[in-house]
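Contents: one structure, followed by commentary.
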Amino acid sequence: MGGNSDKLIEESDLIVANPDVSVENPYLQLAKKLNKEVANGATIFYAYWNKRTMAVTGTRGKTTTVNWLNHFLKSRYKSVVTGNSYSKPLLSILDQADKFDFAVTELPSFLLELFDSSPKAPEIAIVTNVSQDHLNRHHTLEEYARVKATIFKKQ
């Protein structure tokens, strides 16, 4: 067993997409057509995290910026955590929410593709820069920039 099928999408109430799966994926398109809830680690994190947040996106400099913010925020807050989609997944932070006062999240465009449906936004959002990258996924610089800009929605 394993894999996906139209039937599995039809029978599911919630589809959680891996960031490597494009929103253009046929199964995610079917879920959208069927009005199914589609989420990812970032949308789930922001739906349930109830403490202060800051998010960083950009073509370059996200990790460095997040690490510097973490360093400076630790002088003000008792416990600051950083999260991203690779070394410290956002859902693993959510599991330990009681240990932290502030979260600084790194949100690449692949996580921001579903951010339109996020019920909450980060309290503070930063875009370091936007330049031509990931056009194999986003097709145009304008679309890539639009996806990056979703970090500001619902602020």
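THR105 sits with roughly 0 Å² accessible to a 1.4 Å probe, with DNA, RNA and ligands left out of the calculation.
With a sphere of radius 12 Å drawn around the Cβ of VAL16, what net charge do the other residues whose Cβ falls strictly inside it have (Lys, Arg +1; Asp, Glu -1)? Summing Lys/Arg as +1 and Asp/Glu as -1 gives -1. By accessible area, using a 1.4 Å probe on protein heavy atoms only, the stretch 7-64 has 50% of its surface on carbon and sulfur. Accessible surface of VAL127, taken over heavy atoms with a 1.4 Å probe and every protein chain present, rounds to 50 Å². Only one item in (1) 56, 14, 11; (2) 27, 19, 12; (3) 23, 22, 15 matches semi-axes √(5λ) of the Cα gyration tensor in Å derived from the coordinates shown, and that item is (2). The residues of the chain have, on average, 57 Å² of accessible surface per residue, using a 1.4 Å probe with all protein chains present. Please go through the residue pairs LYS32/LYS62; LYS51/LYS74; LYS36/LYS148; LYS62/LYS148; LYS51/LYS78 and name each one whose alpha carbons sit more than 20 Å apart in this structure. Over 20 Å Cα-Cα: LYS32/LYS62; LYS36/LYS148. Expressed as a whole percent, the accessible surface of the stretch 79-155 that belongs to carbon and sulfur atoms is 54, based on a 1.4 Å probe.
The values are calculated or read from the model by the stated rules, or taken from the named source; none is laboratory data. For clarity, every value in this text was computed on a predicted model and none was experimentally measured. Neighbour counts run over all protein chains shown; Cβ positions are idealised from the backbone, glycine included. Surface areas here come from the heavy atoms of the whole protein model, side chains and all, with no ligands, DNA or RNA. Shrake-Rupley method; radii C 1.70, N 1.55, O 1.52, S 1.80 Å.
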